[in-house]
Amino acid sequence: MTEGKLLPFRRVSGTVEELSDRALVSALAEGDQAALGALYDRFHRDVYRFAARLARNAEPDDFVQMTFLEAHRSAPRFRGESAVKTWLFGIVANLVRTHVRGESRKRRAVDAVSTMPKRPPTNPGEAITREQQRRWLAIAIEALTPALREAYLLCIVEEVPGKEAARALGIREASLWRRLSNARDALRATIEELQR
Amino acid sequence: MTAQWVPEDNELDAVARTLEANVSSRESAEQLRTSVLASAGAQNQQSRRSPAPFVIAGVAIAAALVLWVGRSAHTSVKLVITSIDIAQYEHTSDWPDYVVHLDDGRLDVQVATLDNGDRFRVTTLDAEVEVRGAHFEVGAEHDRLQSVLVREGRVEVHPKDQQVVILSAGESWNAPKLVQRDEVIAPRTLVVPTPPPIIASTPAVHAKPPHVSRSPEPPAPPPFATPPTPVAPVLAKPGEAEFRAGWAALRAGDASAAAKVFSTACNEALHEPLGEDACFWTGAAAKRAGDTATARTALEHFLKQFPTSPRASEAAALLGWLLYDAGELDAAEQDFHRAEHDRVPKVRDSAQRGLTAIQRKRAP
């Protein structure tokens, strides 16, 4: 049985734009199409950005569309236990997991590492630019396994609180922290390899 | 010496947050928006395949919700639920044991003849309605079953402390209203002058079977002053009486007695649909009674006998806590993992709390 009493959602006045994120999802659960449009308007950029980072070799538009359609379908299940944005990110992560083959992706990422030109010899003391660091880190993130990548992107890059991120990914909080730790170790290892 | 970048966690994360993000063009975003809304509109029109259980909230007056579930290429629609006026209900379990829990209001339910092994039930706190192919209306108020009206087929009404009621097309059942301690006045719509020997009335509650109506406008019931003689039910399934007695004991607060009786029901009805519930409740009642040894045995037995039961995760969570208390953390962890993705939020939360507790206990 649910934790709280079930109540039908009825919006008695106002437009969807005036609704909170959660009220918007409730309206969507009741079949309010305007609510779906408003949800898209509010979050499509975040969803696009996250999908683009998570599935770098796939078309983000496809994941954006699938995410909002899945949100439309599963809105009745949304319990408000996390922020709506986190909920959407969780949908993206699920879609990427099932639609992108981890192994081939890892192979492409490893290829990316192996084909990346190694750093040219520098003069002693030459500072590494922030731009160079970002390039290495971007490659290193791509080289992460899917589980580590989604945890790192959600928690660190998108700055979703740990408890919410764990729930969105369907894992325990302890597992999330372990994945983040492993992700950072893996990133450092790749960055080190890129600097040889 | 060549400079090396060896970032600490903080620096690594800080740089990660500055990575450039891809953005879509405005035109592309607009096109995508149109596509999403069009597809969603089409989604609303079509029948949907339900891959996983979902929650249905009641809808406003005059906007009945029709739910199409279980459509496949080979079979017609299996189930249609329509909310009559405002109803609050929730889909708590999926096929093969499809359960809808009704809190308040009325539902119109059409269930196609089920395959072997499938069950469909509507539950409230105090009763269950089970069908294998029927069209009926069911009403509840504050989580108590109030009425069942059968339009087609056959419906079993299982009030938790009363005999099972079997209703055929045209028949209805209404909850009795308790007026004084040993006196019951049956609702006006529900008395049959010469009731059939289908229902056994409970002593001190009913004078004669007041629940079944066979005519569209049954006469008003007389008041009952003396307790009736129970009438034996026509249909008695193995373990059924014990199961009901177990429920009665549990509701009376005697979990220990309930566990014993459920255990009997479990043994007698092991290969009946009732057996699964009886075996589960043996363990749950024993745990509630503090009889950890019996609870553990019963829950392990249940999981072995019914590994794919909709209640398997719940049983695993209960067993997990028993093992945790016994210090068997590895075994407890396995059971909590089994339950952590259950569709019922309370079961998931219990499992996740268990896993957190184990982690804390293991921490140096």
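Read-outs: derived from the displayed coordinates by stated rules, not from any lab. Note that the structure is predicted; figures quoted are calculated from it, not measured. Heads up, the Cβs are rebuilt from the backbone with ideal geometry, glycines too, and the neighbour counts pull from every protein chain shown.
Amide H contacts of B:D126 (H built 1.01 Å from N, in plane; Pro and chain starts excluded): B:L145 sit under 5 Å, all sequence-distant by 5 or more or on other chains.
Each peptide in B:352-360, B:30-38 was scored by the mean count of other Cβ atoms within 10 Å over its residues; highest first, the order is B:352-360, B:30-38.
For a footprinting-style exposure proxy, rank B:V165, B:V15 by other Cβ within 10 Å, fewest first.
Numbers: B:V165 22, B:V15 19.
Arranged by neighbour count, lowest to highest, B:V165, B:V15 become B:V15, B:V165.
Of the trypsin sites (Lys or Arg not before Pro) found in the range B:302-351, none is in coil by DSSP with at most 12 other Cβ atoms within 10 Å of its Cβ. The amide H of B:L79, built 1.01 Å from its N in the peptide plane, has B:V69, B:A112 as neighbours under 5 Å, considering only residues 5 or more places off or on other chains. A DSSP coil position with no more than 16 other Cβ atoms inside 10 Å describes the following GluC sites (Glu not before Pro) in the range B:320-364: B:E328. The phi-based Karplus calculation (6.51 cos²θ - 1.76 cosθ + 1.60; θ = phi - 60°) puts the 3J(HN,Hα) values of the range A:158-169 at 8, 6, 7, x, x, 4, 5, 5, 4, 5, 5, 8 Hz, whole numbers, x for Gly and Pro.
Using a simple charge model, +1 on the beta-carbon of Lys and Arg, -1 on the beta-carbon of Asp and Glu, nothing else, what dipole does the range B:271-313 show about its Cα centre, in debye to the nearest 20?
Working: 5 positive and 5 negative charges, 39 e Å.
Approximately 180 debye in magnitude.
Using R0 = 25 Å, the C-beta based FRET efficiency linking B:A293 and B:R353 works out to 0.60.
Taking each residue in B:17-30, count the Cβ atoms of any other chain within 10 Å of its Cβ, then average. What number comes out?
On the way: counts 4, 5, 8, 3, 9, 7, 5, 8, 0, 0, 0, 4, 7, 1.
That average works out to 4.
Under a no-solvent Debye model with one identical scatterer per Cα of the range B:266-364, what's log10 I(q)/I(0) at q = 0.15, 0.22, 0.25 Å⁻¹? Evaluating at q = 0.15, 0.22, 0.25 Å⁻¹ gives log10 I(q)/I(0) of -0.55, -1.08, -1.29.
Each residue of the range B:27-39 was assigned a 3J(HN,Hα) from its phi angle through the Karplus curve 6.51 cos²θ - 1.76 cosθ + 1.60 (θ = phi - 60°); the sequence is 4, 5, 5, 5, 4, 5, 4, 4, 5, 4, 5, 5, 5 Hz, with glycine and proline shown as x. Residues A:T129, B:T308, B:T282, B:T82, arranged from fewest to most other Cβ atoms within 10 angstrom of their Cβ, appear as B:T308, A:T129, B:T82, B:T282. Of the listed pairs B:K304/B:K361; A:K163/B:K361; A:K163/B:K304; B:K160/B:K260; B:K78/B:K304; B:K78/B:K160, which have alpha-carbon separations greater than 24 Å here? Correct reply: B:K304/B:K361; A:K163/B:K304; B:K78/B:K304; B:K78/B:K160. Annotation: amide H-H contacts under 5 Å for B:T92 (H modelled 1.01 Å from N, sequence separation of 5 or more, or interchain): B:V99, B:V100, B:H101.
Taking 7 Å steps out from each Cα toward its Cβ at A:R196 and B:Q305 produces label points 6.0 nm apart. Going from the fewest other Cβ atoms within 10 Å to the most, the residues B:L250, A:L88, A:L24 appear in the order B:L250, A:L24, A:L88.
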